[in-house]
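For reference, the structure is listed below as structure tokens.
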Amino acid sequence: MAGNSHGHTLAAWTGTTIIFIGFLVAGAFMVMAQPIGFWAGMAITVVGGIVGWVMSAMGMGMPKDRPQDLTELLGKTAHADS
């Protein structure tokens, strides 16, 4: 796991933080029996997911070239074995 950088991006941290805040808001309003506040918290949660996705699409997430490198590496070892 030390070599894996899963989640160590600005997009991941920002999206997760907004989602966490949304769950805190929804949970607080659920305990207070305020449905409007609960649904506002759920909306914040959805916004957090969208923000993380948009930031990742803008290049602030994991680079896309890593899985291709692994696929190429696995393809080369398969050809070397035959």
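Quick note: the coordinates plus some simple rules give every number you see, no bench work behind them. What you see is a predicted model, and the numbers here were worked out from it, not measured in a lab. A quick note on method: Cβ atoms are made from the backbone with ideal geometry, for glycine too, and the neighbour counts reach across all protein chains shown.
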Cβ-derived FRET efficiency at R0 22 Å, V54 paired with H8, nearest 0.05
0.75
Here the gain from full extension of A40 to T17, 0.36 nm per residue of separation minus their alpha-carbon distance, amounts to 6.7 nm
